[in-house]
């Protein structure tokens with residue numbers, strides 16, 4: 001069986017009804033302003049793939065963290081660039097990551113944390129409606145992973161009415 005472009009990029013839970021899991025998912029969905037559980041499951045699948053890659057690299061190095069670090073240097077560099085791993089973390093730190101570590105790097109969450117929106121839901125709306133730029137590029141995808149180097153260049157589009165400091169929908173300046 002080949003995996004083509006038509007396969008979905010996430011896995012659903014094995015057991016459809018587990019009250020505790022559903023409550024935990026719902027809490028994270030509302031806290032991060034996700035549209036639906038599919039977005040949450042995508043993040044979980046992405047994390048699962050990262051852990052799988054880290055385990056593969058560690059397994060090939062037979063538990064030698066130094067050798068695995070060297071073999072997976074591009075993998076670790078990508079995670080550091082995204083801000084998922086800190087500069088002093090090694091490849092074994094990937095195994096202890098949580099789904100919230102990935103959700104924190106979404107453009108939607110970063111816009112909210114930077115104070116450009118008063119809630120994650122409002123941040124999502126600003127992004128989808130084309131009011132937010134990263135550098136010179138307008139981004140309309142709330143799920144975009146923001147690199148640490150891009151955090152400082154997130155702003156409202158200059159042609160957007162929200163660029164005006166006095167716009168009523170702008171988040172109140174936190175002091």
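Of the residues making up the stretch 5-28, at least one is assigned to a helix (DSSP H, G or I), surrounded by 15 or more Cβ atoms within 10 Å (Cβ to Cβ) and not assigned by TED's automatic domain parsing to the domain that holds residue 125. Pick from 117, 68, 155: which is in the same structural domain as residue 28 (by TED's automatic domain parsing) and touching a helix residue (DSSP H, G or I) at 6+ places or on another chain (Cβ under 9 Å)? Going through 117, 68, 155 in turn, the sole match is 68.
Within the stretch 120-140, the set of residues being closer than 15 Å to residue 106 by Cα and touching a helix residue (DSSP H, G or I) at 6+ places or on another chain (Cβ under 7 Å) comprises 120, 123, 124, 126, 127, 132, 134, 139, 140. Can you tell me how many residues within the stretch 35-54 are in contact (Cβ under 8 Å) with a residue 24 or more places away in the chain and touching a helix residue (DSSP H, G or I) at 6+ places or on another chain (Cβ under 7 Å)? Looking only at that region, the number is 9. Here is a check on your reading of the model: is residue 72 closer than 30 Å to residue 118 by Cβ and either at pLDDT below 95 or in contact with a strand residue (DSSP E or B) (Cβ under 9 Å, 6 or more places away or on another chain) (or both)? No: the conditions fail for residue 72.
The values are calculated or read from the model by the stated rules, or taken from the named source; none is laboratory data. Because the structure is predicted, anything quoted here is derived from the model rather than measured. With ideal geometry, Cβ positions are generated from the backbone for all residues, glycine too; neighbour counts draw on all protein chains shown.
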